[in-house]
Amino acid sequence: MSVALYAASLLAAASLTPPEQAALVVVSGLPAPPGVGGVLVQRWNTGAPRPVGALVFMDQEGGQVRAYRDAPPSGAASSYTSAAQALAAGRATRRALRARGVDVDLAPVVDLRGPLGSRHFRRPGYAVAFARGLGDAACVKHFPGLGTAAVSTDERPHVDAKVRAQDLAPFRSAIRAGVRCVMTSNAFYDGARYRASISPETYRRLRGLGFDGVAITDSLSIVRAAPVERWARQAIRAGADLLLFTSGAHARRAIAALLPLARAGELDASVARVLRYRSRLR
């Protein structure tokens with residue numbers, strides 16, 4: 001990122017009011033609070049109204065993990081047998097999603113073989129090729145990798161994993177290929193007290209790979225009684241740029257919790273990256 005572009009983004013961020021800043025860093029399930037930076041569309045609400053101006057996010061990995069069942073990719077990630085095939089599928093997916101008003105595909109999964117079954121690619125290079133096909137619409141996941149986890153974080157609120165050099169390598173390759181969005185994992189790593197999405201170590205490690213794009217958490221609505229206010233503040237202070245909530249009620253509470261941070265200037269860097277990201281997508 002050029003110094004001039006970053007400076008311009010910071011100026012734009014500073015021009016927003018604290019409520020606008022707090023809402024801009026939140027991605028919400030539908031129905032969403034007003035002013036959110038993004039919304040997550042899921043297979044059961046693809047036809048629901050979307051807030052004007054919000055980025056539209058969707059899980060369109062392939063196979064059974066597709067919000068739009070009539071859109072590519074029809075095959076699961078594990079079905080690809082070449083990088084060329086994965087690249088073509090990524091391009092087809094981007095065209096289909098853009099035609100439906102979707103800005104970001106929360107895909108591909110670049111985790112090494114682990115608990116996600118057919119959601120894993122046979123080779124990391126195939127995942128990176130799919131991301132290249134998606135272009136700016138790609139958001140790779142789940143950093144720093146779920147390869148050592150016993151189960152998916154979608155199945156349990158507490159999942160332990162380890163950070164290994166081989167798990168980081170696909171993310172490094174995706175970053176070198178130009179990916180602009182990375183989703184962090186909700187697992188706990190190496191006996192850490194906090195889950196990765198709200199841990200400073202996660203974002204230090206991610207930025208250490210040369211990533212200067214937008215870091216989004218996996219859903220912080222992982223349990224019904226989630227301590228939303230605490231997690232929202234922790235994630236931002238740890239280094240997240242966008243906070244994902246599948247629950248609109250959780251998103252509303254997060255925005256209120258982030259207002260003091262916005263007033264103190266603690267959201268400026270994240271808002272600047274989000275604004276720069278939005279300018280690339282729109």
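The values are calculated or read from the model by the stated rules, or taken from the named source; none is laboratory data. In this text the structure is predicted, and so the values were computed from the model without any measurement. Positions of Cβ are backbone-derived with ideal geometry, glycine not excepted, and every protein chain shown enters the neighbour counts.
Take residue 262 and decide whether it is touching a residue at least 40 places away in the same chain (Cβ under 8 Å) and within 20 Å of residue 195 (Cα to Cα).
So residue 262 fails the test.
Among what's in the range 151-168 and is over 10 Å from residue 222 (Cβ atoms) and not hydrophobic (A, V, I, L, M, F, W, C), pick the residue that is surrounded by the most Cβ atoms within 10 Å (Cβ to Cβ).
Here the residue is 167.
Does residue 249 meet the test of being touching an Asp or Glu at 6+ places or on another chain (Cβ under 7 Å) and farther than 15 Å from residue 186 by Cβ?
no
Can you tell me which residue within the range 178-194, out of those that are assigned to a strand (DSSP E or B) and of a type in the set (A, V, I, L, M, F, W, C), is farthest from residue 274 (Cα to Cα)?
Across the range 178-194, the extreme among qualifying residues is 188.
Could you run through the range 225-255 and say how many residues are charged (D, E, K, R) and outside any helix (DSSP H, G or I)?
1
Among the listed residues 95, 132, identify the single one that is more than 30 Å from residue 188 (Cα to Cα), under 20 Å from the mean Cα position of the chain (by Cα) and surrounded by fewer than 21 Cβ atoms within 10 Å (Cβ to Cβ).
The match here is 95.
Scan (1) farther than 24 Å from residue 95 by Cβ; (2) in contact (Cβ under 8 Å) with a residue 12 or more places away in the chain for the single condition residue 154 breaks and write down its number.
(2)
Check whether at least one residue in the range 90-105 is within 17 Å of residue 202 (Cα to Cα) and assigned to a loop (DSSP other than H, G, I, E, B), and report yes or no.
No, the range 90-105 contains no residue that is within 17 Å of residue 202 (Cα to Cα) and assigned to a loop (DSSP other than H, G, I, E, B).
Is it the case that the range 163-178 has a residue that's out of contact with any Leu (no Cβ under 8 Å at 6 or more places or on another chain) and at pLDDT below 95?
No, the conditions are met nowhere in the range 163-178.
For the subset of the range 1-33 comprising residues that are part of a helix (DSSP H, G or I) and polar (S, T, N, Q), which member is modelled with the lowest pLDDT?
9
For the range 124-177, give me each residue that is outside any strand (DSSP E or B), over 18 Å from residue 201 (Cβ atoms) and among the β-branched types (Val, Ile, Thr).
Answer for the range 124-177, where residues must be outside any strand (DSSP E or B), over 18 Å from residue 201 (Cβ atoms) and among the β-branched types (Val, Ile, Thr): 128, 151.
Just to check your reading of the model, which residue among 221, 270, 197 is outside any helix (DSSP H, G or I) and surrounded by 19 or more Cβ atoms within 10 Å (Cβ to Cβ)?
From the options 221, 270, 197, the qualifying one is 221.
Applying the selection to the range 98-125, what residues are surrounded by fewer than 24 Cβ atoms within 10 Å (Cβ to Cβ), among the charged types (D, E, K, R) and at pLDDT 95 or above?
Answer for the range 98-125, where residues must be surrounded by fewer than 24 Cβ atoms within 10 Å (Cβ to Cβ), among the charged types (D, E, K, R) and at pLDDT 95 or above: 98, 100, 103, 119, 122, 123.
Yes or no: residue 251 buried (at least 24 other Cβ atoms within 10 Å of the Cβ), at negative phi and out of contact with any His (no Cβ under 9 Å at 6 or more places or on another chain)?
Against the criterion (buried (at least 24 other Cβ atoms within 10 Å of the Cβ), at negative phi and out of contact with any His (no Cβ under 9 Å at 6 or more places or on another chain)), residue 251 qualifies.
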